[in-house]
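Some notes on the structure that comes next.
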Amino acid sequence: MNEETLIGLFLSVIEFGTLLYLAALGELIAEKSGVLNLGVEGMMAMGGVAAFWVGVETGNPWLALLVAIMVGALFASIHGLVAVVLGADQVVSGLALTILGVGVSAFLGKDYVSQAPGARFEALNLGPLNDIPWIGEFIFGQSIIPWLALALGIITWFVLTRTRIGLVLRAVGESASAADSAGSPVVLTRLIAVAIGGALAGMSGAYLTMSLAPGWSEGTTAGRGWIALALVIFGAWKPGRVGVGALLFGGLLALEPRLQTFGVEISPILLSMLPYVLTIAAMIALSIRSRNRPSAAPAALGSTYRREER
Amino acid sequence: MDNQTPAAELVDIWKRFPGVIANAGANLMVRPGSVHAVLGENGAGKTTLMNVLAGVYQPDEGTVSLAGQQMSFTKPAQAIKAGVVMVHQEFRLIPTFTVAENVALAGSPSIIAKRSIEDSVAELADRFGLATDPSREVWRLSMGERQRVEILKALWQDAKVLILDEPTAVLTPSEATELGRVVTAMANDGRAIIFISHKLDEVTEFCDEATVLRGGATVASSLPVEELDAARLAELMVGEATEVSVRRTRTSPVAEPVLEVRNAAVRDLHGIATVADVSLTVGKGEIVGIAGVAGNGQRPLADAIAGLESLESGTISLGGSSIEGATPKARNAAGLAYVPEDRLGVGLAPRLNVVENAMMRSYRSMTKGPFIDRSATQTMCEDLAAEYKVKVGKFDAPIGALSGGNLQRLLVGRELADDPKVLVAAQPTRGLDVQGVAAIQQIIVEQSQAGLGVLLISEDLEELLALSDRLLVMHEGEIVAEFDPDTTSRAEVGAAMAGAH
């Protein structure tokens, strides 16, 4: 293999890593507040179709991104309403969101299938940085979105660990009754966390249809939302570890179509299973580690909070 | 300080719940800088009254004032803001957070500098003698330390009125003494402390004044504790001086062991040893009592005997045959009956109806082909209710609607229905009213006279001293002492419970 294919691979690793990281970061925020949202795939699809549509109609990538973020947040808020406010089962509601999102996006996007994208984020021009061999191409040759994802990861880490808002959010996800008795608004915090989760999933979808694989077709998310969900567990609900995992899982996604070129005789289907195998391995490792201590998962994850009535 | 405005005053509080009047004209007046005991039996309305003061409930009638200002709280956050903080019996701490994070949750700036919060928490803790490490995670702490964190949270919120709901229930005697010092330090700082209890010795030791509730109303308010003694307090709490405990004549030394536990050890889910090398024997017709502060391994021991928890090592035999590997069902068949501590949840299924709960042990013998014979189970349940005097409104209503005493009579009746050899009863009278306690104690005594071996686990020392033939004490998962109830004293058993040798 030559230098060019390797650089192409690394470029693709970061692209897929970004795609997964944005969605997983959103899910991490929602799960840290105690809400499991299995609708990532659907939220990504909705964000993807919205961004593509706005891009084609206006040609403005920033507007397309903004609309995708808003659509993702609004779509996620359906889950917020059903599972957090009304207290329905989070698993059922999240699955419904995935099925709904994939279906609705296919319907809304049917006129845009195989159209050329109207807007995209170009590779940044960083002057001399672009001239550095290797990394000048695959790191500094990226568009703005991977940098945004990195910044969002750092902001998320800071907010979760160093601010009052983050403390309240984690408290709500660990023990809603403890947070409630300390005067923290449980339902509002969870609603906002779910909406932010949707916003980031929408952003991830927009990156997919505008940059990573420009274009729209039904099923374009191709299960990456599920990988993002697995990634949150793999990264033990920590923004940094989820970032490392995103590069690892992104690497697997990037390798998949290239195996043949590299002359490796492994079925790509086996490779596409690897993220889940790694996640199961990570879960086993986590539960062995938590034999003598509380689990890494937020303790209230998946449970509805109702204030106790007599 | 006698002439000051009361820190908190509750006047003529009424609070009704469907079917229950929890407070019927209750009064309470607490002076700043004093420790005020609120006493009463279970169900006397103490907790409801405190919830009214803390803004959890709104009273139907009556007024709440703080420092002379009339208040009407609609939620706890308002009461906290006004300076009323309650430390509940079940701690509201987040186990994975550090002490400082738990305290900061009660109030902090927008950006949290870890070191400076930890320093301020340590400083506050030092001021009131609350030894604690702010950077430790709460799950690593003992119950006593967790309670200190709850008190720290209240002080962090600058509580002027601090309500402690039965704070010593989870503490060892030395931790309780420690708590007494902290409470005094807080009162000296000008704060009012409300100390809910039903233990007279604590009240006379820590408190300045006492208010006694009975049947939702105040029967004595702001009595100086010097005027209280056990007889007077019992009279105030119960109404009239009554002999509450059932007495029994003890059996002579037992010949035939029915339950033998040898070197039993149990670890919990996290691998922590909860029962360590416990050996005990219960003879035919004998009642063996187990005393101990809550959480010293009594529950895992009982669960291990019943087969709900597996033994790490050791043996258990019932009537001579080994059962340590057997399923709970096989143990039942071999003659074991279990009345678990958590009667509604482990013992009974709250949402199933009365008949379904009653037939849980015996439904296999009441079938018509593959189906359950409904009329047979109905008859069985009615007979059971009649025999054990269970007041049942509707047999097809969820059992959770029955009162505590009725639930327990039904559960005990069900467990004793097929003449077991051994009964393991964990906290069988906890939370029951006076008649309920007497009824359960009566059943246990009668059955033991008929040959049943009983392992009685209780936190009520009076009950253990009155009923047991032998009294064992558990501390940190081990049996640390054995006493003859006729010759020992409360103080002697109490010292063993605290781990003194």
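Can you pull out every residue in the stretch B:53-78 that is within 12 Å of another protein chain (Cβ to nearest Cβ) and either within 20 Å of residue B:158 (Cα to Cα) or without any contact (Cβ under 8 Å) to a residue 40 or more places away in the chain (or both)?
The answer is B:54, B:55, B:56, B:75, B:76, B:77, B:78.
What's the total number of residues in the stretch A:138-165 that are within 14 Å of chain B (Cβ to nearest Cβ) and under 19 Å from the mean Cα position of the chain (by Cα)?
5
Out of the residues in the stretch B:148-175 that are surrounded by fewer than 19 Cβ atoms within 10 Å (Cβ to Cβ) and among the small types (Gly, Ala, Ser), which is farthest from residue B:476 (Cα to Cα)?
B:169
Is it true that residue B:120 is part of a helix (DSSP H, G or I) and either facing chain A (nearest Cβ under 8 Å) or among the polar types (S, T, N, Q) (or both)?
Yes: the conditions hold for residue B:120.
Determine, yes or no, whether residue B:142 is surrounded by fewer than 14 Cβ atoms within 10 Å (Cβ to Cβ) and either of a type in the set (Val, Ile, Thr) or within 14 Å of chain A (Cβ to nearest Cβ) (or both).
For residue B:142, the condition - surrounded by fewer than 14 Cβ atoms within 10 Å (Cβ to Cβ) and either of a type in the set (Val, Ile, Thr) or within 14 Å of chain A (Cβ to nearest Cβ) (or both) - is not met.
Of the conditions (1) β-branched (Val, Ile, Thr); (2) assigned to a helix (DSSP H, G or I); (3) in contact with a strand residue (DSSP E or B) (Cβ under 7 Å, 6 or more places away or on another chain), residue B:443 clears all except one; give me its number.
Only one criterion in (1) β-branched (Val, Ile, Thr); (2) assigned to a helix (DSSP H, G or I); (3) in contact with a strand residue (DSSP E or B) (Cβ under 7 Å, 6 or more places away or on another chain) is unmet by residue B:443, namely (3).
Considering only the stretch A:201-215, I want to know if a residue exists there that is assigned to a helix (DSSP H, G or I), more than 15 Å from residue A:61 (Cβ to Cβ), touching an Asp or Glu at 6+ places or on another chain (Cβ under 6 Å) and more than 14 Å from chain B (Cβ to nearest Cβ).
no
Output the residues belonging to the stretch B:279-291 that are surrounded by fewer than 24 Cβ atoms within 10 Å (Cβ to Cβ) and within 22 Å of residue B:310 (Cβ to Cβ).
Within the stretch B:279-291, B:279, B:280, B:281 meet the criteria.
Can you find a residue in the stretch A:204-226 that is of a type in the set (D, E, K, R) and either touching a strand residue (DSSP E or B) at 6+ places or on another chain (Cβ under 6 Å) or surrounded by 20 or more Cβ atoms within 10 Å (Cβ to Cβ) (or both)?
yes
Return yes when residue B:153 is within 12 Å of another protein chain (Cβ to nearest Cβ), in contact (Cβ under 8 Å) with a residue 12 or more places away in the chain and basic (Lys, Arg) and no when it is not.
yes
Any residue in the stretch B:81-95 that is more than 13 Å from chain A (Cβ to nearest Cβ), more than 30 Å from residue B:229 (Cβ to Cβ), aliphatic (A, V, I, L, M) and buried (at least 18 other Cβ atoms within 10 Å of the Cβ)?
No, that holds for no residue.
Considering only residues that are over 16 Å from residue B:261 (Cβ atoms) and basic (Lys, Arg), look in the stretch B:311-345 and name the one that is surrounded by the most Cβ atoms within 10 Å (Cβ to Cβ).
B:343
Would you mind telling me which numbered condition in (1) within 25 Å of residue B:177 (Cα to Cα); (2) within 23 Å of the chain's Cα centre (by Cα) residue B:455 fails?
(1)
State yes or no: is residue A:122 in a helix (DSSP H, G or I), away from chain B (no Cβ under 14 Å) and modelled with pLDDT under 90?
no
Looking at the stretch B:395-411, can you tell me whether even one residue there is among the hydrophobic types (A, V, I, L, M, F, W, C) and under 27 Å from residue B:262 (Cβ atoms)?
no
Those residues that are without any contact (Cβ under 8 Å) to a residue 12 or more places away in the chain and within 14 Å of chain B (Cβ to nearest Cβ), I need them from the stretch A:258-310; list them, please.
If the condition is that a residue be without any contact (Cβ under 8 Å) to a residue 12 or more places away in the chain and within 14 Å of chain B (Cβ to nearest Cβ), then A:287, A:288, A:289, A:290, A:291, A:292, A:293, A:294, A:295, A:309, A:310 are the ones that fit.
Condition check ((1) assigned to a strand (DSSP E or B); (2) at pLDDT below 90; (3) under 30 Å from residue B:398 (Cβ atoms); (4) not acidic (Asp, Glu)) across all residues:
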position: B:420; (1), (2), (3), (4): no, no, yes, yes
position: B:424; (1), (2), (3), (4): yes, no, yes, yes
position: B:474; (1), (2), (3), (4): yes, no, no, yes
position: B:479; (1), (2), (3), (4): yes, no, no, yes
position: B:488; (1), (2), (3), (4): no, yes, no, yes
position: B:494; (1), (2), (3), (4): no, yes, no, yes
position: B:501; (1), (2), (3), (4): no, yes, no, yes
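The values are calculated or read from the model by the stated rules, or taken from the named source; none is laboratory data. Predicted, not measured: the structure shown is a model, and the values here were computed from it. Here the Cβ is made from the backbone with ideal geometry for all residues, glycine too, and neighbour counts use every protein chain on show.
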